[in-house]
Amino acid sequence: MPVAERTYRAWKHAQPSHRDIDDAHLIEAIRAARVNDEGEATPESMYGRRKMTALLRRQGLTVSSRRVDRLMRELGIKGLVRGRGVRTTVPDSASTRAPDLLDRDFTAAAPNQRWVADFTYVRTWAGFVYVAFVIDCFSRAIVGWHAATTKTTPLVTTALRMALWRRDRAGHRVGDGLVHHSDAGAQFTSVSFAETLGLEGIAASIGSVGDALDNALAESTIGLFKNEAIRDGSPFRTGPLRTIDDVEWATAAWVEWFNARRLHSTLGNVPPEEFEADYYADLETSHHPVLTPA
């Protein structure tokens with residue numbers, strides 16, 4: 001194809017456009033968010049377009065979601081896609097079930113008002129490991145968790161006791177009025193677990209048998225756990241899951257990231273701990289008004 005000499009010289013000496021320079025800076029920011037200084041994948045490498053956009057904005061960059069989408073497609077980067085869940089609920093037909101106090105409303109006006117709980121299983125070389133979680137509906141924070149090789153009542157009781165201990169240790173002791181919601185699994189409907197709730201002054205709430213919508217928040221959190229912490233290639237795994245120890249290490253690292261750094265769209269793309277800190281800061285401000293001079 002014939003090209004004029006003047007056109008060739010103009011192309012050869014042309015400077016990069018402002019758009020190309022901005023794209024280069026954003027590409028470096030995206031790569032820095034996905035890989036740490038040791039060249040290892042970070043948990044943020046699982047982010048798709050929307051969360052990556054929110055993360056870059058939190059870092060002070062002015063960027064549109066369409067631009068991030070275009071650059072991630074050019075780089076061949078995709079967000080993690082959630083897999084299908086597996087049913088673990090085994091109801092006890094002989095047990096007495098508590099009423100459903102939430103009725104699929106997983107919102108709360110403050111921390112420690114509504115908690116939801118559930119557990120899942122993880123395959124290891126040594127056999128199944130079961131992991132239970134307790135989640136606060138206000139901030140989506142995982143306030144308690146526990147792993148065990150058997151799915152008996154102590155599995156969920158220990159997760160609940162961890163949640164109570166962590167809230168107490170953080171200076172936000174659980175008071176009256178807390179509702180603990182779960183599915184109708186035999187672990188949650190047992191006499192032992194009901195006694196634990198009663199001694200702590202916690203109201204029990206149980207959804208329908210085998211209906212994921214009646215415990216949707218817990219089901220969603222467990223789906224994230226399986227997809228982000230347990231799958232092959234997860235940044236929270238250092239190798240194959242051989243025993244319960246490997247599962248506990250991966251779970252502990254994931255919960256720490258989930259609470260302190262993971263951006264949640266339901267919370268306005270801030271982490272649960274930051275969301276709760278803002279709530280308590282607002283309480284302090286309202287209790288200590290600043291007087292203006294007359």
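Table for the structure above
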{"read-out": "Residue-span extension gain [Lys78 to Ala41] - 0.36 nm each, minus C-alpha spacing", "value": "11.9 nm"}
{"read-out": "Helical contribution to [θ] at 222 nm, DSSP H n ≥ 4, -39,500 (n - 2.57), averaged over the chain, rounded to 500", "value": "-12500 deg cm²/dmol"}
{"read-out": "Extension gain from Val3 to Ser192, taking 0.36 nm per residue of separation minus the Cα-Cα distance", "value": "59.6 nm"}
{"read-out": "Given charges at Cβ of Lys, Arg, Asp, Glu: the chain dipole, positive-most of Ser65, Phe236, Val174", "value": "Ser65"}
{"read-out": "Relative packing of 62-68, 216-222, which averages over residues the other C-beta atoms within 10 Å, highest first", "value": "216-222, 62-68"}
{"read-out": "Protection proxy ranking, peptides 185-193, 119-127, 132-140, average beta carbon neighbours within 10 Å, highest first", "value": "132-140, 185-193, 119-127"}
{"read-out": "Cα-centred dipole magnitude for region 118-213, charges only on beta-carbon of K, R (+1) and D, E (-1), debye, nearest 20", "value": "380"}
{"read-out": "Ranking of His172, His146, His181 by count of other Cβ atoms within 10 Å, fewest first", "value": "His172, His146, His181"}
{"read-out": "Around Arg237: net Lys/Arg minus Asp/Glu count, Cβ-Cβ under 14 Å", "value": "-2"}
{"read-out": "When the chain is reduced to its Cα atoms, the Kirkwood hydrodynamic radius in Å", "value": "21.7"}
{"read-out": "Protection proxy ranking of 223-229, 26-32 - average other beta-carbon atoms within 10 Å, highest first", "value": "223-229, 26-32"}
{"read-out": "Inter-label distance, nm, simple model (7 Å from Cα along the C-beta direction), Tyr121/Glu200", "value": "2.6"}
{"read-out": "Local net charge near Ala203, Cβ-Cβ under 12 Å (Lys/Arg +1, Asp/Glu -1)", "value": "-2"}
{"read-out": "Full-stretch length increase - Ala260, Arg231 - with 0.36 nm per residue and alpha-carbon distance subtracted", "value": "8.3 nm"}
{"read-out": "Amide H contacts of Asp118 (H built 1.01 Å from N, under 5 Å, at least 5 apart or other chain)", "value": "Phe133"}
{"read-out": "Those aspartates and glutamates that a straight Cα-Cα span of less than 13 Å connects to Lys78, excepting residues fewer than 8 apart in one chain", "value": "Glu44, Asp69"}
{"read-out": "Hits among aspartates and glutamates - C-alpha to C-alpha of Lys151 under 16 Å, sequence gap 8 or more where chains match", "value": "Asp92, Asp118, Asp183, Glu248"}
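No value in this document is a laboratory result; all are computed from the given coordinates. Just so we're clear, the structure is a prediction, and the values are computed from it rather than from any experiment. Please note: Cβ atoms are built from the backbone with ideal geometry, for glycine as well, and neighbour counts cover all protein chains shown.
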